[in-house]
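Asker: This is the structure I want to talk about, given as C-alpha cells.
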Amino acid sequence: MKKAVFLDRDGTVIIDRIYLNDPNGIEVYKESYEALQLLHNEGYLIFLITNQSGVARGLVEEANVKIINKIIIDDFGSKGTLISEAYYCPHPVDGGCICRKPNAGMLEQAAKEYDLDLKKSWMVGDRMSDVEAGRRAGARSILLKNDTTPPIDGSFEAAEFVSQNVLEAAKFIISKDRK
C-alpha cells in the first residue's frame, strides 16, 4: 500500500478566490511548487481534495471545476511533479453527502482507487473541516493558518501541526515520516 498527501485546493495550493469559476483566475502559491516537488520526491502520491459547493449554488460551472483542476495538475506536471488526481464535492453545504469535507468520502475513494494506506498518509488544508476529513479517514492532518483560515472553533480535534504555508507543512511531513 502507498502513502499519500491530500491537499485542499483553494487556500492551500492556490489562492482562494471564493467560488473560482474562471480558469484564468488560478494563482498558485509560489511555495506550492517546491512543497509538492519535495513530497513527490519522497514517494508520496499527491491528491487535490476540494469542496466546491459553488456548483450546487449555481456560482461555479462544474465543467470549470474540472478545467481548473486539470490546469493545476498539468502545471505541476510540466514542472516534474505528478498530482495523481483531483477529487471534488459539488454538493451543497447541507447536502449530507459522504464526500463533502469534513467527511472522508473523497479520501476513502482515492484510497480504494490507488491502494493507499491512509494511516501513512496526510491531509493538509486551511480549514478545520480539512483536518477533520483527514482524521475521519484515519490519516494525520495539518492545518494551514493563513489569511483565509476561518477562526478555529472547538468542534473538531486539533491538527497534528499548524503551519503557515504548504512548504512548511511538506517539510514537517517529511521530517515526521523519516523518523
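Asker: Kindly indicate the residue of the range 128-159 that is in a loop (DSSP other than H, G, I, E, B) and at pLDDT 95 or above and also surrounded by the most Cβ atoms within 10 Å (Cβ to Cβ) among those meeting that condition. Walk me through how you get there before you give the answer.
Answerer: Our first condition is that a residue be in a loop (DSSP other than H, G, I, E, B); within the range 128-159, this holds for 138-139, 145-159.
Right, trim to at pLDDT 95 or above and you get 138-139.
Details: Gly138: 15, Ala139: 26.
Among those residues, the one meeting the criterion is Ala139.
Asker: Another question, if that's okay. Evaluate the following for Ser78: is it of a type in the set (Ser, Thr, Tyr) and surrounded by 13 or more Cβ atoms within 10 Å (Cβ to Cβ)?
Answerer: Values: of a type in the set (Ser, Thr, Tyr): yes; surrounded by 13 or more Cβ atoms within 10 Å (Cβ to Cβ): no.
No, not satisfied.
Asker: Between a residue in the range 138-154 that is touching a residue at least 60 places away in the same chain (Cβ under 8 Å) and any residue that is surrounded by 15 or more Cβ atoms within 10 Å (Cβ to Cβ) and assigned to a loop (DSSP other than H, G, I, E, B), which pairs come within a Cβ distance under 6 Å, given they are 6 or more apart or on different chains?
Answerer: Cβ pairs passing all conditions: Ala139/Ser121; Leu144/Thr12; Leu144/Asp126; Asn146/Asp126; Thr148/Gly11; Thr148/Asp16; Thr148/Asp126; Thr149/Asp126.
Asker: So which residues in the range 5-58 are surrounded by fewer than 18 Cβ atoms within 10 Å (Cβ to Cβ) and under 19 Å from Tyr114 (Cβ atoms), if there are any at all?
Answerer: If the condition is that a residue be surrounded by fewer than 18 Cβ atoms within 10 Å (Cβ to Cβ) and under 19 Å from Tyr114 (Cβ atoms), then Asn41, Glu42, Gly43 are the ones that fit.
Asker: Here's a follow-up. For the range 1-87, please list each of the helices (runs of 4 or more DSSP H) lying entirely inside it that holds at least 2 residues being over 20 Å from Lys101 (Cβ atoms) and out of contact with any helix residue (DSSP H, G or I) (no Cβ under 7 Å at 6 or more places or on another chain). Walk me through it before giving the result.
Answerer: Numbers: elements: 30-41, 53-56, 62-78.
In the range 1-87, 30-41, 62-78 are the helices (runs of 4 or more DSSP H) which contain 2 or more residues that are over 20 Å from Lys101 (Cβ atoms) and out of contact with any helix residue (DSSP H, G or I) (no Cβ under 7 Å at 6 or more places or on another chain).
Asker: Related question: Select from the range 62-75 the residues that are surrounded by 13 or more Cβ atoms within 10 Å (Cβ to Cβ) and acidic (Asp, Glu) and write down the one among them that is farthest from the chain's Cα centre (by Cα).
Answerer: Glu62
Asker: In the range 103-115, is there at least one residue being surrounded by fewer than 15 Cβ atoms within 10 Å (Cβ to Cβ), touching a residue at least 60 places away in the same chain (Cβ under 8 Å) and either among the charged types (D, E, K, R) or over 23 Å from Leu20 (Cα atoms) (or both)? Break it down stepwise before answering.
Answerer: Applying the first criterion (surrounded by fewer than 15 Cβ atoms within 10 Å (Cβ to Cβ)) to the range 103-115 yields 112-115.
Adding the requirement that they be touching a residue at least 60 places away in the same chain (Cβ under 8 Å) leaves 114-115.
Still in the list and also either among the charged types (D, E, K, R) or over 23 Å from Leu20 (Cα atoms) (or both): 114-115.
There is at least one residue in the range 103-115 that is surrounded by fewer than 15 Cβ atoms within 10 Å (Cβ to Cβ), touching a residue at least 60 places away in the same chain (Cβ under 8 Å) and either among the charged types (D, E, K, R) or over 23 Å from Leu20 (Cα atoms) (or both).
Asker: For the range 106-127, does any single residue satisfy the condition of being part of a loop (DSSP other than H, G, I, E, B), among the aliphatic types (A, V, I, L, M) and under 14 Å from the mean Cα position of the chain (by Cα)?
Answerer: Kept after step one, since they are part of a loop (DSSP other than H, G, I, E, B), are these residues of the range 106-127: 115, 117, 121, 126-127.
Next, from what is left, pick out any that are among the aliphatic types (A, V, I, L, M): none.
No.
Asker: Turning to a different aspect of this structure: Can you tell me which residue in the range 20-51 is nearest to Phe76 (Cα to Cα), limited to those that are in contact (Cβ under 8 Å) with a residue 24 or more places away in the chain and charged (D, E, K, R)? Talk me through it step by step, then tell me what you get.
Answerer: So the first thing to find is which residues in the range 20-51 are in contact (Cβ under 8 Å) with a residue 24 or more places away in the chain, and the list is 20-23, 26, 28-29, 31-40, 42-51.
With charged (D, E, K, R) added as a condition, the list becomes 22, 31, 34, 42.
Numbers: Asp22: 19, Glu31: 12, Glu34: 10, Glu42: 16 Å.
Applying the filter and picking the extreme gives Glu34.
Asker: Then there's this: Could you give me the residue pairs with C-beta distances under 7 Å whose first residue belongs to the range 52-66 and is closer than 15 Å to Gly95 by Cα, whose second residue is in a helix (DSSP H, G or I) wherever it lies, and which are 6+ apart or on separate chains?
Answerer: Final answer for the pair search is Gln52/Val65; Val55/Glu62; Val55/Val65.
The values are calculated or read from the model by the stated rules, or taken from the named source; none is laboratory data. Note that the structure is predicted; figures quoted are calculated from it, not measured. So basically every Cβ, Gly included, is an ideal-geometry build from the backbone, and we count neighbours across all protein chains shown.
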